Amino acid sequence: MSWKPELDELERRRRLALELGGPDKVARHRGQGKLTVRERIAGLVDEGSFEEVGSVAGFPEYDAEGNLTSLTPANIVCGRARIDGRPVFVTGDDFTVRGGANDGGLRDKFAYAETWARRWRLPLVRLVDGTGGGGSVKHLETLGRTYLPDVPVFTEVLDALSEVPIVALGLGSVAGMGAARVCASHYSVMVRGTSQLFAAGPPVVARTGQTVTKEELGGSTIHARNGTIDDEVETEAEAFARARRFLSYLPASVRELAARGPSSDPPERTAEELISVIPRDARRVYKMRPIVETLVDAGSWLEIGKAWGKSVITGLARLDGWPVAILASDPYHYGGAWTADASRKAIRMVDLAQTFQLPVVHLVDIPGFLIGKEAEASGVMRFGTQALAAVRNSTVPWCAIMVRKAFGMAGLSQRNGSPAFLRYAWPSAQWGSLPIAGGVEAAYRAQIEAAPDPAAARAEIETRLEALQSPLRTAEAFGVEEIIDPRLTRSYLCRFANLAAPLRQPGRPRFGYRP
Amino acid sequence: MARNITSPLAGQLIARLVHEGDTVAADTEIAIVESMKMHIPVSAEQAGRIARWLVAEKSTVAEGEALLVLED
C-alpha cells in the first residue's frame, strides 16, 4: 500500500489553487489589462525554474464527512526561482482573491514571503498588486476591538534592504502597505495605465473633499516624476525585463560582491568625438547621455530614474565587465545644478552603490546648487547637504571625470569619503568655490563703484580672473591629479574599475539602508 | 489636437526660435531658456504647427509653465 491517495489529494489541492479567485474574477482581472500572479511569475523568472512554497495554503471548506469541497488559495504566491540562472525569491499578490489584501488572511505566509530572501541571502522580487494591510473595517466587528497599527515582520522587511537586493513592481492599484512595499525597495517600477500607488485611494480621499480618479491621484506618471518610484514602463513584460536587468548588476546579498560580467568591448577603445563634444561657449549645453553610453561597455548602460531629479542622470553600467554605479550631470536641466530632487536622486544611487559595493563614476558638470526663490522653497540646501553627506559617508572606490563645471558646495560631490578616489579633468573643466561672474560684484564692489566707468572696470576684473580659470593652472599646483585627453577616458575608467575591484568590501553597510 | 509645450525648467525665456504658423518636426528646438547662466534649448516633443505663443521674450517662466500651443 503506497501513499498515492494522499499524493492525489495534494495534487487536487494544487489544481484548485491554480484556479486563483475563480474564472469570473480572473476574467475581470485580465479584462483590466493585467496578467495573473502566476503569469507574472512565469514572465519574470527563468522558464521552469519556479519552485513554489505554500502551494496549497489557503482557505479550505470541508463537508460533514471531512471531504474537501473547495479551496480558496492564499492571495500570496511565492517561491524560489532563477533569474539569468541565479537564485532569487519571488512573492506576488493575487488580486483575484480579496483584492490581494495583505491583511492577515494567512499572516504566516506573508511573513515567510517577506523574510525568506533576507534569511537565505538572496534577492527578493515583489510583484505588488494589493491593497493595504488593514483590510476592511468590517474586520473590527469580527475582532470586537481595534489595535495599534503594526506589521509583525516590518522590522525585518526594512532590515532586508541592508542585506539583499529588493525589486518591487507595482502592478495594480496599491495602497497603504502595498504602496509601502513598492517603496521599500532598491528599485521600483510601475506600469503606465494599469498601476497606481497611494497612501489611500480615491474613496477615502473623497471624504476630504477631493474627487479624483485613481490615475489622477497616483498614476505612474506622477510617481516617476516625484521619485516615489524609480521608473515607469508601458507593459508588465517591460517591468519584468527591468527587474531582471537591475539584478544583473548586483550581488545576491551584501555578503558577496558583484560578479564581473563578460565584456567584448575593448577597454582601450577611444572615442574621437569626445575631444569636441563640450562646447567652448560655456553657456551652451551638450548631451550627456551619449557620453555615458560611449564610455561604458557597449550595451551595458541602465538608466534609473530618468523622469525626475533630471539635472542628475543616475544608473548602472559595466566597465571592462565590472558593475559600477554612474552619476552624471545633465546640463539641459538647470545647467546641471543640483535641485532638491536631484539631490534626493543622487542620495538614492550613492546609497545603493555603498550598500552593494559598486564603485562609482561621477561625470561632473555642476554649476552649484540651484539658486533662486523656487529652489529655496523646495529645501534645496537641506536635501543638498544630505546628498553631500551620502557622498562623503560612502567609502566605495570613486572616480570623477571633471567634464566642465564644479562650483560651490554642490561641487564637493566630485569626491567621496573613500581614500581610494581618483579625479581626471577634461581640458574643458573649470571650477571654483564661487563662479566669477557673480563673485566679482561682491568682492570688488568698492573698486567698481569708485571707477570712472564701473562697467568697464567690472569687465576688466572679470577678464583678469577668467585667465586664472584654466584647469592647467590648478594642475600645476597639483590641485587636480591629472588632466586627460577626453578621447581616452574609457581606458582610464576601465583601469579604475580594475583597481577598484579588490577594494570592495562585502558586509552590512554602516547605516541601515533607508528607502 | 492642440497641446502645450511647457518649459522643463524655471528661468528666463531669452529667445523664441519659431513663429506662429511654423510647422515643426519632433525634437525641433523652439525656445531658449536661461538658467544658471546657461542657454538651455526647449524642444518640441512631437511634430505640429505652432498655433500661438503664450509667453513673451524676456519673461520669467516657471518649471512646467506652458510656452506655446502646438496643433497637429
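This table checks each residue for (1) assigned to a helix (DSSP H, G or I); (2) modelled with pLDDT of 95 or more.
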{"position": "A:ASP341", "(1), (2)": "yes, yes"}
{"position": "A:ALA346", "(1), (2)": "yes, yes"}
{"position": "A:LEU352", "(1), (2)": "yes, yes"}
{"position": "A:GLN357", "(1), (2)": "no, yes"}
{"position": "A:HIS362", "(1), (2)": "no, yes"}
{"position": "A:ASN416", "(1), (2)": "no, yes"}
{"position": "A:SER428", "(1), (2)": "no, yes"}
{"position": "A:TRP431", "(1), (2)": "no, no"}
{"position": "A:ALA442", "(1), (2)": "yes, no"}
| When region A:462-508 is examined, which residues are found to be modelled with pLDDT under 90 and of a type outside the set (Ser, Thr, Tyr)? | A:GLU462, A:ARG464, A:LEU465, A:GLU466, A:ALA467, A:LEU468, A:GLN469
| field | Selected residue (criterion: nearest to A:TYR187 (Cα to Cα)) from residues of region A:340-352 that are of a type in the set (D, E, K, R) and more than 11 Å from chain B (Cβ to nearest Cβ) | value | A:ARG348
| note | A careful count of residues in region A:363-411 that are more than 14 Å from A:SER343 (Cβ to Cβ), of a type outside the set (A, V, I, L, M, F, W, C) and within 14 Å of chain B (Cβ to nearest Cβ) gives 7
| note | Over region B:25-50, the set of residues buried (at least 16 other Cβ atoms within 10 Å of the Cβ) and either more than 11 Å from chain A (Cβ to nearest Cβ) or β-branched (Val, Ile, Thr) (or both) is B:THR28, B:ILE30, B:ALA31, B:ILE32, B:VAL33, B:ILE40, B:VAL42, B:ALA44, B:GLY48, B:ILE50
| task | Within region A:309-339, track down each residue that is within 12 Å of chain B (Cβ to nearest Cβ) and surrounded by fewer than 24 Cβ atoms within 10 Å (Cβ to Cβ). | result | A:LYS310, A:ASP330, A:TYR332
| message | Kindly evaluate A:PRO419 against the criterion of being over 25 Å from A:PRO367 (Cβ atoms), under 41 Å from the mean Cα position of the chain (by Cα) and more than 14 Å from chain B (Cβ to nearest Cβ). | response | yes
| For A:ALA400, are the conditions met, namely being part of a helix (DSSP H, G or I), in contact with a strand residue (DSSP E or B) (Cβ under 6 Å, 6 or more places away or on another chain), modelled with pLDDT of 95 or more and under 30 Å from A:ASP297 (Cα atoms)? | no
| task | From the list A:VAL45, A:VAL56, pick out the single residue that is closer than 30 Å to A:ALA258 by Cα and touching a Lys or Arg at 6+ places or on another chain (Cβ under 7 Å). | result | A:VAL45
| said: Exactly one condition in (1) in contact with a strand residue (DSSP E or B) (Cβ under 7 Å, 6 or more places away or on another chain); (2) farther than 30 Å from A:GLY321 by Cβ is false for A:ARG464; which is it? | reply: (1)
| note | Scanning region B:9-24 residue by residue, the ones that are within 12 Å of chain A (Cβ to nearest Cβ), surrounded by 17 or more Cβ atoms within 10 Å (Cβ to Cβ) and not aliphatic (A, V, I, L, M) total 1
| Options A:ILE366, A:ILE371: the member that is surrounded by 21 or more Cβ atoms within 10 Å (Cβ to Cβ) and over 16 Å from A:GLU293 (Cα atoms) | A:ILE366
| query | So which residues in region A:428-471 are in contact with a Pro (Cβ under 8 Å, 6 or more places away or on another chain) and without any contact (Cβ under 8 Å) to a residue 40 or more places away in the chain? | reply | A:ILE448
| task | Of the numbered conditions (1) within 28 Å of A:ARG255 (Cα to Cα); (2) under 16 Å from the mean Cα position of the chain (by Cα); (3) of a type outside the set (Ser, Thr, Tyr), A:PHE154 fails exactly one; give the number of that condition. | result | (2)
| Unique match (being touching a helix residue (DSSP H, G or I) at 6+ places or on another chain (Cβ under 8 Å) and within 14 Å of chain B (Cβ to nearest Cβ)) among A:VAL233, A:VAL285, A:VAL277 | A:VAL285
| request: Can you work out which of the residues in region A:142-176 that are touching a helix residue (DSSP H, G or I) at 6+ places or on another chain (Cβ under 9 Å) and among the small types (Gly, Ala, Ser) is farthest from A:TRP120 (Cα to Cα)? | output: A:SER173
| field | Filter result for A:SER300 (away from chain B (no Cβ under 14 Å) and either surrounded by 24 or more Cβ atoms within 10 Å (Cβ to Cβ) or closer than 30 Å to A:LEU434 by Cβ (or both)) | value | no
| Only listed residue being outside any strand (DSSP E or B) and buried (at least 22 other Cβ atoms within 10 Å of the Cβ), chosen from A:ALA389, A:ALA410, A:ALA446 | A:ALA410
| Looking at A:PRO290, A:PRO323, which one is outside any loop (DSSP other than H, G, I, E, B), modelled with pLDDT of 95 or more and under 25 Å from A:ALA501 (Cβ atoms)? | A:PRO323
| remark: (1) within 28 Å of A:GLN469 (Cα to Cα); (2) out of contact with any helix residue (DSSP H, G or I) (no Cβ under 9 Å at 6 or more places or on another chain); (3) buried (at least 20 other Cβ atoms within 10 Å of the Cβ) all hold for A:PRO419 apart from (3)
| said: As an exercise: evaluate A:ARG260 against (1) away from chain B (no Cβ under 14 Å); (2) touching a residue at least 60 places away in the same chain (Cβ under 8 Å); (3) outside any loop (DSSP other than H, G, I, E, B) and give the number of the one condition it does not meet. | reply: (3)
| Matching option when the condition is crowded, with 24+ Cβ neighbours inside 10 Å, farther than 21 Å from A:GLY43 by Cα and free of Cβ contacts under 8 Å to residues at least 60 places away in the same chain, among A:ALA199, A:ALA179, A:ALA206 | A:ALA179
| field | Residue list for region A:230-247, filter: out of contact with any Ser or Thr (no Cβ under 7 Å at 6 or more places or on another chain), crowded, with 20+ Cβ neighbours inside 10 Å and over 13 Å from A:LEU44 (Cβ atoms) | value | A:ASP231
| query | Looking at A:ALA64, is it hydrophobic (A, V, I, L, M, F, W, C) and either under 30 Å from A:VAL137 (Cβ atoms) or not in a loop (DSSP other than H, G, I, E, B) (or both)? | reply | no
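The values are calculated or read from the model by the stated rules, or taken from the named source; none is laboratory data. It should be emphasised that the depicted structure is a prediction, and the values quoted were computed from it without experimental measurement. Heads up, the Cβs are rebuilt from the backbone with ideal geometry, glycines too, and the neighbour counts pull from every protein chain shown.
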